[in-house]
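The structure follows.
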Amino acid sequence: MFGRRRRATPPRPLDTGFGVGAQVYVLDAEEDATTPYPNGATGLIFRHGGSAWPGISAVGGLAPVWWVEFDTPQYTADLDGPYTRAQIPQRFLRLAPPATEADLPY
């Protein structure tokens, strides 16, 4: 009725699987020519990097950025480096497949 307000439920965040502790790989040059690390770097997300405007268009809003610690030192597409960690936009990251028992060292 009048005067009564429905209780608004906050929107639920979209669970993308990305977050601190996630194992990821960076798209290589064959998957995306604009990747910052073209040699297929792998690593672990250790910190949220905030957000940044997408380089192509600001219409899409802010894009998540993550700090990734690489498994091995990496060079950028411009041959800068080697870097052991870097801020990487989520659009260049993919979650690594989960480990299976066959992947274990014992």
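Take Tyr25 and decide whether it is hydroxyl-bearing (Ser, Thr, Tyr), assigned to a strand (DSSP E or B) and modelled with pLDDT of 90 or more. Before the answer, list the steps.
Numbers: hydroxyl-bearing (Ser, Thr, Tyr): yes; assigned to a strand (DSSP E or B): yes; modelled with pLDDT of 90 or more: yes.
Yes.
Scan the range 42-58 and tell me whether some residue there is under 24 Å from Gly81 (Cβ atoms), modelled with pLDDT of 90 or more and in a loop (DSSP other than H, G, I, E, B).
Looking through the range 42-58, none of the residues is under 24 Å from Gly81 (Cβ atoms), modelled with pLDDT of 90 or more and in a loop (DSSP other than H, G, I, E, B).
Just name the residue that is nearest to Thr35 (Cα to Cα) out of those in the range 59-106 that are at pLDDT below 80 and surrounded by 11 or more Cβ atoms within 10 Å (Cβ to Cβ).
Top of the filtered list is Ala63.
Let me ask another. Just to be sure I understand the filter: pairs with C-beta atoms under 8 Å, separated by 6 or more residues or on different chains, first member in the range 91-106 and touching a residue at least 12 places away in the same chain (Cβ under 8 Å), second member of a type in the set (D, E, K, R). Which pairs pass?
Phe92/Asp32
Among what's in the range 5-22 and is at pLDDT 65 or above and exposed (fewer than 10 other Cβ atoms within 10 Å of the Cβ), pick the residue that is farthest from Arg94 (Cα to Cα). Working first, answer last.
Initially, the range 5-22 is screened for residues at pLDDT 65 or above, giving 16-22.
After this cut, where a residue has to be exposed (fewer than 10 other Cβ atoms within 10 Å of the Cβ) as well, the list is 17, 21.
Values: Gly17: 10, Gly21: 13 Å.
Here the answer is Gly21.
The values are calculated or read from the model by the stated rules, or taken from the named source; none is laboratory data. These numbers were taken from a predicted model, which means no experiment stands behind them. Note: ideal-geometry Cβ built from the backbone for every residue, glycine included; neighbour counts use all protein chains shown.
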